[in-house]
Structure formats: C-alpha cells, structure tokens
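Structure, as structure tokens:
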Amino acid sequence: MIEHKRYPISYIEVLKARNVVYNHLTPTPLIRYENLSSVIGAEIYVKHENHNPTGSFKVRGGINLIHHLKSVGINGVITFSTGNHGLSIAQSAAWLGVEATIVVPENNNPVKNRSIRATGAILLEAGKTFEEASAVVDGLSEKENLYYAHPANEPHLINGVGTEFIEISEALPALDAVVLPVGAGSEVAAAIVVLKSINPDIQIFAVQAECSSAAFQSWKSGKILSSENTTFAGGFATGIAYETPFEIYKNNLTDFVVLSEEEIYEGISLAGYYTHNFVEGAGASTIMAAIKLKEQLKGKKVVLQFSGCNASSDEINTAYNLRSFTDGWVNK
C-alpha cells in the first residue's frame, strides 16, 4: 500500500483548496425557500450540493485529494463506498488522469454503480455492508500497490469539502445555523473547521438514520462506537464513527437528530414538494431534521444542506407513495 504524508485540516488549507476545486467546479446555489421557511418558522436556505457534476458534495474532497496525490507521483487509487464518495474519487481521478478502483457493497444503489462505471473506473462489488467492502480494499491496496483513499480519515478530503462552507459564509454572512447529514463525517467536520473559524457562535446540527447511527451514538458517548447499519439511505450507511472527523465534531455540535426510515423517505418527498429537486435520503434528511428542531431554529437564518441526489427509482417511488405525514406538512 502506498503511503502519503498527512496534512493539517484547517481554515487556511480550505482556502488553498479553493484554487484546486474551482479548476473543475463552480459554486453551487444557495436558495431561500419561502414556503419551507414558513413551515419551520425560520429563514430557510438550501445549499444545493446536489447540483455538483457528480450529484454530491463529496466531489470537492475528491478533487483536492487526487490533485495532491498526483502532485507527489501517485497514479493509482482505491477506495470503498456506498456510492457518492466512490463516484467522487472515480470522477476526480478521470479528470486528473489517475487510475481508480472503487469497491462497493453487493446490491449497492444501481444509479451510483452506473455513474462510477461511466467514469472509466474499475467497479468491484464485494461484501454486504460498507465495512465489509472496506476489508476488501485493505487487501487489494497492498496487492496492487494502490493508494488507499479512505472516505473519512483524509485531511485533503475534508479540506476540499470545506470549500462549500466558504461559499455559504460569503453568500450569507449573517448565518446562524446549518443542518447537515452525517455518514462517515467528512462534511460535518469541514463545516466545523470553516464556520467555527469565521464565527464560533454559528450552530451546527447533525442528522443521521436511526438504524445506522454510529456517529450519533459516538457523539452521545464521547467515544468511537459501532452500531447496526441497516438504513436504505446510502449516505448514512456506515456502521462505525471514523477517527479523524469524530475528533473534530465530538465537542462541536449543537445537537444531533436521528430519523426513522419513514421520516427519511418523507424528507425526499418534502424536498420535491418545496424545492422541486429529487434528492437522495441523506440529502433530504435535513428538512425532516429542521422540522424536529423547529423550536431551536425559530427566527434564525438556517442553511439546510442537500448533500446528494443519487437516489434510485425505487427510493423515489417509495418516498412519493408515503404521503400521509408529508401531506400534513405541505397543507399547513
């Protein structure tokens, strides 16, 4: 396995990453939604990371990481993913001329699998879960002499992802709070690094699936824990908290919300109704989290992050068939 020296995670490094990231991306929209604001009782803005070329925020980190790897002569990478991180690495590698191998769990989201293959990356399906797929990567990285691009414990990933929060702070200087989904944790870590450097009073709320809640359980206990991992929502589908982001977010979150599977589906439906966007489960979860956090968010300027849009047709169909709860909100 190829080793690459560690780098600091900091606001300064995020500023440096902007020059790298913007070689391939443009800032994503930050839009205020009046009807959603009325439902929640706050000024609600959505950061549309689902509008990135890969449909996810993760491509920011992928570009920054692959850029730095190539600059030191590394030309082959491997990683594991439920989709968005893998697509980020695959697309970034294609743009920058690096070979990529992506390992995903068996029966992974077919939309994400097709997108990964379309970049020219090698896609391998192995293991039944995120963590079982990671065990395959351990062996292949040694055997094939590939750099192991971990989905969370990579400073360059976190610094690259941080560029979205610079965009938010520049577009909305009076920001009071953000609501973010948590899987492996790179995004919430990046938010803390950037936003707390700009204004320590900005509140950062996290949301995760109740049945894949390792990050929540770890935050609650103050130490890294594993948990069951059975959610349909790939962006949440991790069974353990990861050290690098956990050390950043463990003492820096205002609160943490967990959602049932039905609530995650309802978030997808609400995202379509209020914003006319098809958003995957983890991405749309921030709406449901904001509804649960209404009293804490009341009267504030709040950004909800739509982290990705790579939902399967089955997920979309299920979401739009679960109308009972959703109708109660949209008719208010």
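For the range 245-264, state whether one or more residues are touching a residue at least 40 places away in the same chain (Cβ under 8 Å), closer than 26 Å to Pro173 by Cβ, in a helix (DSSP H, G or I) and of a type in the set (Phe, Trp, Tyr). Checked the range 245-264: at least one residue is touching a residue at least 40 places away in the same chain (Cβ under 8 Å), closer than 26 Å to Pro173 by Cβ, in a helix (DSSP H, G or I) and of a type in the set (Phe, Trp, Tyr).
Considering the range 7-107, the qualifying strands (runs of 3 or more DSSP E), each wholly inside and each with 3 or more residues that are in the same structural domain as Ala149 (by TED's automatic domain parsing) and touching a residue at least 12 places away in the same chain (Cβ under 8 Å), run over 76-80, 99-104. Which residue, of Asn107, Asn145, Asn113, Asn159, is closer than 20 Å to Lys70 by Cα, among the polar types (S, T, N, Q) and surrounded by fewer than 22 Cβ atoms within 10 Å (Cβ to Cβ)? Exactly one of Asn107, Asn145, Asn113, Asn159 is closer than 20 Å to Lys70 by Cα, among the polar types (S, T, N, Q) and surrounded by fewer than 22 Cβ atoms within 10 Å (Cβ to Cβ), namely Asn145.
Tell me whether the range 71-89 contains one or more residues that are touching a Cys at 6+ places or on another chain (Cβ under 8 Å), surrounded by 19 or more Cβ atoms within 10 Å (Cβ to Cβ) and within 29 Å of Ala284 (Cα to Cα). No, the conditions are met nowhere in the range 71-89.
Here the range 224-233 is the region considered, the condition is being surrounded by fewer than 21 Cβ atoms within 10 Å (Cβ to Cβ) and touching a helix residue (DSSP H, G or I) at 6+ places or on another chain (Cβ under 6 Å), and the residue that is nearest to Ala191 (Cα to Cα) is Ile224. For the range 161-188, which positions are assigned to a helix (DSSP H, G or I) and under 12 Å from the mean Cα position of the chain (by Cα)? Of everything in the range 161-188, those that are assigned to a helix (DSSP H, G or I) and under 12 Å from the mean Cα position of the chain (by Cα) turn out to be Val161, Glu164, Ser186, Glu187, Val188.
Applying a threshold of 7 Å to beta carbon distances and a minimum spacing of six or more residues, or different chains, the list of pairs starting in the range 277-295 at a residue that is farther than 17 Å from Glu315 by Cα and ending at one that is part of a loop (DSSP other than H, G, I, E, B) reads Lys294/Gly41.
Would you confirm whether any residue within the range 194-216 is closer than 25 Å to Gln296 by Cα, surrounded by 24 or more Cβ atoms within 10 Å (Cβ to Cβ), assigned by TED's automatic domain parsing to the domain that holds Glu49 and of a type in the set (Ser, Thr, Tyr)? Yes, because at least one residue in the range 194-216 is closer than 25 Å to Gln296 by Cα, surrounded by 24 or more Cβ atoms within 10 Å (Cβ to Cβ), assigned by TED's automatic domain parsing to the domain that holds Glu49 and of a type in the set (Ser, Thr, Tyr).
Identify the residue in the range 234-287 that is among the charged types (D, E, K, R) and within 22 Å of Lys47 (Cβ to Cβ) and, among all such residues, is surrounded by the most Cβ atoms within 10 Å (Cβ to Cβ). Among those that are among the charged types (D, E, K, R) and within 22 Å of Lys47 (Cβ to Cβ), it is Glu280. Pairs linking a residue in the range 313-332 that is at pLDDT 80 or above to a residue that is assigned to a helix (DSSP H, G or I) and β-branched (Val, Ile, Thr), with Cβ atoms under 6 Å and 6 or more positions apart or on different chains, are Ala319/Ile268. Checked against the criterion of being in a helix (DSSP H, G or I), closer than 29 Å to Ile192 by Cβ and at pLDDT 95 or above, the range 118-140 contains not a single residue that satisfies it.
The values are calculated or read from the model by the stated rules, or taken from the named source; none is laboratory data. Only a predicted model underlies this, so the values are computations on that prediction, with no experimental measurement involved. Glycine also receives a Cβ, built like all others from the backbone with ideal geometry; neighbour counts cover every protein chain displayed.
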